[in-house]
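Have a look at the structure below, then the notes.
The values are calculated or read from the model by the stated rules, or taken from the named source; none is laboratory data. Owing to the predicted nature of the structure, the values given are computational and were not obtained by experimental measurement. In this analysis, Cβ positions are derived from the backbone assuming ideal geometry, glycine residues included, and neighbour counts consider all displayed protein chains.
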Amino acid sequence: MECARKDLTIHKLRRTTDFENLTFRIGGYTDPDQGRFYHLWKNGEVLSIQAEPYRRPGIDYSQTSLSTRPFLCDREAFLYLQEVLQTMLDNLQFGTENNWAHLVKQKDNTYSLIYTRKEFVRLKCPVWTKKVNLDDIQVTRIVDCALWEGIHEGMEVDLFMGVHALWSHFVASESLGHKLMNEAGVSHYTFKLLAHVYKSRMVIGVMCEPIIGRRVCPTDRAAVFAAVADIQRHGILLGSLLPHDILITPEGVRFLNISALPHTPLGSRARDALSYVIPRLPSPGRPVYTTPELAVMQFVWSVMTSPTEFARSDILPLLKFREQLRKGKTAITDDPRHRRCTKIGRKILIAPLDCSESEGRFETLDQIVTAADEPYKPKWRSSPRTPYERPNKKLLLPKDGDDE
């Protein structure tokens with residue numbers, strides 16, 4: 001059990017080595033409460049081994065701090081039991097009904113294994129696809145403990161396996177997420193889920209088409225926004241929109257981590273809220289053409305739907321009008337004082353362009369009355385002096401020849 005190169009695949013090992021006798025550690029971790037875990041793989045069979053936990057003396061693991069993080073001694077304790085398992089490789093039982101084993105230390109400082117059977121993947125919905133036996137899939141590469149690659153019926157596939165408790169919830173949620181996407185008719189935004197994988201009469205993973213695509217970049221913003229809005233219109237809210245969960249393929253935008261989809265039943269308030277879609281922003285090559293009227297409508301809509309505590313001071317009157325509408329009170333324009341102020345401030349009446357009676361009733365724009373150029377006299381002075389007033393004291397300037 002050694003670390004292998006990234007380009008080393010099971011397909012290459014089958015042609016160059018005695019592959020059936022090789023044992024791989026495809027995963028493992030240590031937990032101060034549950035123990036040390038080792039996930040082994042041999043010729044298509046998986047066996048998970050759980051050992052006693054390791055705790056550094058004098059450390060309180062109930063509090064999350066820097067002292068509870070794994071250190072060199074934790075790593076050494078993990079590798080020590082891995083060496084113990086290496087001495088037991090010839091006696092490990094793969095391919096039986098038991099997929100789990102407990103490593104127990106005896107009184108004479110030797111170790112033994114107690115085998116048992118554990119079922120981790122508990123689906124949140126009935127199996128809605130076909131079932132495929134793990135033995136019928138030719139595994140070609142193991143990326144990590146949860147992600148495998150293989151070939152089924154001549155087609156490359158990706159496998160999401162729940163061989164331990166950490167990833168079993170992910171497999172169950174992935175199955176439910178794909179089911180919701182299929183029912184909503186937006187499964188073309190995901191990599192299609194092909195089947196549920198089972199072993200020894202229990203589901204251990206799901207199989208989907210190969211995940212191949214490039215990472216998303218800023219120029220894909222418009223396409224991503226359009227895809228997210230389309231999915232949301234169908235009543236599904238994507239729970240994970242991280243850059244590494246979005247891929248661009250020749251068929252368009254594809255989203256990963258479908259397990260993060262929340263369940264929004266029909267008729268619920270959350271389902272009704274999904275009908276509100278934020279308009280996309282302009283992007284290079286795809287500007288948003290708008291009119292002044294549409295811009296005003298979008299501004300009013302944003303104000304009417306925004307919380308009051310986040311509003312700017314220049315839109316507080318509009319928010320006050322909104323509150324009056326919500327409470328059923330009369331609007332500002334119904335106030336007599338407001339109507340009086342409006343009449344006083346109305347000095348110019350502009351006729352419509354298509355009005356035939358405008359001639360003779362309104363002054364033409366060419367008749368400009370010249371205003372008298374008088375000094376500005378403010379009603380309330382903020383300072384005792386204005387630019388139009390002359391100072392009381394005169395400034396005496398020397399004449400030519402006075403310098404002598």
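Worth pointing out:
- Filter result for Gly252 (surrounded by fewer than 16 Cβ atoms within 10 Å (Cβ to Cβ), more than 19 Å from the chain's Cα centre (by Cα) and of a type in the set (Gly, Ala, Ser)): no
- Contacts under 7 angstrom Cβ, first residue in the range 27-44 being at pLDDT below 90, partner outside any strand (DSSP E or B) and charged (D, E, K, R), 6 or more apart: Gly27/Asp144; Thr30/Asp74; Pro32/Arg55; Gly35/Glu52; Asn43/Glu20; Gly44/Asp135
- Inter-residue pairs, beta-carbon under 6 Å, first under 13 Å from Cys217 (Cα atoms) and modelled with pLDDT of 90 or more and in the range 230-255, second charged (D, E, K, R) and not in a strand (DSSP E or B), 6+ apart: Ile248/Asp220
Quick grid of which residues meet (1) closer than 30 Å to Ile49 by Cα; (2) in contact (Cβ under 8 Å) with a residue 40 or more places away in the chain; (3) under 21 Å from the mean Cα position of the chain (by Cα):
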{"position": "Ala165", "(1), (2), (3)": "yes, yes, no"}
{"position": "Ser175", "(1), (2), (3)": "yes, yes, yes"}
{"position": "His178", "(1), (2), (3)": "no, yes, yes"}
{"position": "Tyr198", "(1), (2), (3)": "yes, yes, no"}
{"position": "Cys217", "(1), (2), (3)": "no, no, yes"}
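- Residue, modelled with the lowest pLDDT, within the range 45-54, restricted to residues that are part of a loop (DSSP other than H, G, I, E, B) and touching a helix residue (DSSP H, G or I) at 6+ places or on another chain (Cβ under 9 Å): Tyr54
- Applying the condition of being among the charged types (D, E, K, R) and part of a loop (DSSP other than H, G, I, E, B) to the range 188-227 and asking which residue is surrounded by the most Cβ atoms within 10 Å (Cβ to Cβ) yields Glu209.
- Residue count for the range 105-149 under the criterion of being touching a His at 6+ places or on another chain (Cβ under 6 Å) and charged (D, E, K, R): the result is 1.
- Of the criteria (1) more than 20 Å from Tyr29 (Cα to Cα); (2) assigned to a strand (DSSP E or B); (3) not acidic (Asp, Glu), which one Trp148 fails: (1)
- The range 125-145, residues that are touching a Ser or Thr at 6+ places or on another chain (Cβ under 7 Å) and outside any strand (DSSP E or B): Cys125
- Filter result for the condition that a residue is hydrophobic (A, V, I, L, M, F, W, C) and touching a Phe, Trp or Tyr at 6+ places or on another chain (Cβ under 8 Å), over Val104, Val157, Val127: Val104
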